[in-house]
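Please treat every number below as a calculation from the coordinates, not as lab data. Since this is a predicted model, take the numbers as computed values, not measurements. Methodologically, a virtual Cβ is constructed for each residue, glycine included, from the backbone with ideal geometry; neighbour enumeration extends over all protein chains shown.
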Amino acid sequence: MRTIVLVRLSIYFLCLVLINPQISFSGQYEDISNLIAKKSFSKAEVLCKRELTINLGNVALTARMGEICWAQNKKRRAIKFFRKAVKINPEYPVPYFFLGKIYFAERKPEKGREQFSLFEKKMESFLAGDGSASDYYTARLHDICYLYATQKWYQKTKRICRKIIKLDPDDPKAHYNMAVCYYIHDNSRSRAYNELVKVKELAPDTRIADKAEFYIDYIRCNPDSRIIGDFTFLDED
């Protein structure tokens, strides 16, 4: 799953480069993306450093360097590169997402939420002109959805789920997560039930369909929606 997301991220960066004249890079950028996909972070870091000496002020490469540092648990350096990327081009969405994750990791969820809001705003401006990055955006919204749920921000979580469903009406994970919100936050068994049935229709014979079936039975056996049990959000695999 992570490899698929990284490949989508690489495609997304390429799309940004094509439409934004401020973003340019040499042919080595694809090599960096491939190394990250293979989790060869040390090699990716060496190559990215070299490219940054050639392309000073390149926002995509700067953000990429932050991602490499983050993957290697070099958090302070990662923050430095993400903040630098924001300064280079405040309209570039990616750094805001990672800064939001960092704030959540540092137990500063309100600051993280502010960064995620900026990420959404910048991404939606980009998607208005080119929808090719919608898969990447959907994957990142799922990450945000999960983090909001850890804070029990169910209203915010529902908003993100609705946004994902608008981008992809057939996303089973979004419908499952909506079911959780309806059951836990709204105490609405009927809405939760309908969303779980939708999950089974969209993704039959899958792990998430099995979970949906389990909780459909759970709802049938527990008429009081205040009895939550182990009805939790999907982890980000």
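Tabulated data for the structure shown
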| item | result |
| --- | --- |
| Gain upon complete extension [R77, E201; 0.36 nm per residue less C-alpha separation] | 40.1 nm |
| Where GluC sites (Glu not before Pro) fall in DSSP loop in the stretch 104-164, at most 13 other Cβ within 10 Å | E106 |
| Cβ-Cβ FRET estimate between R220 and D170, R0 fixed at 25 Å, reported to 0.05 | 0.50 |
| Extension reserve of the K49-S190 stretch, reckoned as 0.36 nm per residue once the Cα distance is removed | 45.3 nm |
| FRET efficiency, S42 to K84 (Cβ-Cβ, R0 22 Å, nearest 0.05) | 0.55 |
| Computed FRET value (nearest 0.05) for S125 with E213, which takes r as the C-beta separation and R₀ as 25 Å | 0.05 |
